[in-house]
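The values are calculated or read from the model by the stated rules, or taken from the named source; none is laboratory data. Computed from a prediction, not measured in an experiment: that's the story for all the values here. Here the Cβ positions follow ideal geometry from the backbone for every residue, glycine too, while neighbour counts run over all protein chains shown.
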Ligand SMILES: N[C@@H](CCC(=O)N[C@@H](CS)C(=O)NCC(=O)O)C(=O)O
């Protein structure tokens, strides 16, 4: 386990792929941290009032006293929103974890891959709302194209380790596949088509890492997603009445 004398608190939602990125990275780095789960379907008011005015997760607090739900983080602590920025912060803070490659070229490839993943993610919510699948499939093909041809290699390039680029995409695609599996329509089958075969072999390999298995829980993702869909439907029905 990497040593740090600082308290680390992650405000996170267990079914949010952005949150999962950070908890996976913390576990890959082997650092101890406290996780405060924010249930987005029933978000506590104190979170926006006392922690992060935008109310989004994840949010990392590094340093300061140990935190409990409902408390305000110390102004002396480092406070960081935005999962990709938090990943860079963790890579810099715990270099022994190898979350970013050592070479400038490898680091650039990793960062480009994180950007490609964030670009692809923009297509996810429209698809979950019943929009066209093709833009998402094309964006996923762009990510697949960044993978070296050899199975067992990772997004930062041949010879590089599993790091922030892989952490950005693997929880996201696992969650997408789980959610697609409970949605009616052809999304699940479209995602699993032959054109993304290399990408899914890579995702399935990533899913076997203990950090991923610990933080991506299919049952929680399914049940919270279905609860969110039901809540939205109830709100729409109430508007019609
Ligand atoms: N760009 C942000 C996106 C964070 C984000 O959108 N998180 C969602 C959960 S996946 C959220 O907090 N939504 C607030 C809400 O639903 O109330 C990041 O990478 O951290």
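Computed quantities for the displayed model
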quantity: All positions within the stretch 37-82 that are free of Cβ contacts under 8 Å to residues at least 12 places away in the same chain and either surrounded by 15 or more Cβ atoms within 10 Å (Cβ to Cβ) or near the ligand (Cβ under 10 Å from one of its atoms) (or both); calculated: 48, 82
quantity: Number of the condition not met by residue 126 [criteria: (1) within 24 Å of residue 211 (Cα to Cα); (2) within 16 Å of the ligand (Cβ to nearest atom)]; calculated: (1)
quantity: Options 14, 22; residue that is within 15 Å of the ligand (Cβ to nearest atom) and part of a helix (DSSP H, G or I); calculated: 22
quantity: Residue in the stretch 85-92 that is in a loop (DSSP other than H, G, I, E, B) and more than 10 Å from the ligand (Cβ to nearest atom) present; calculated: no
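This table checks each residue for (1) touching a residue at least 12 places away in the same chain (Cβ under 8 Å); (2) outside any loop (DSSP other than H, G, I, E, B); (3) farther than 18 Å from residue 123 by Cα; (4) not assigned by TED's automatic domain parsing to the domain that holds residue 141.
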residue	(1), (2), (3), (4)
174	yes, yes, no, no
189	no, yes, no, no
198	yes, yes, yes, no
202	yes, yes, yes, no
221	yes, yes, yes, yes
227	yes, yes, yes, yes
231	yes, yes, yes, yes
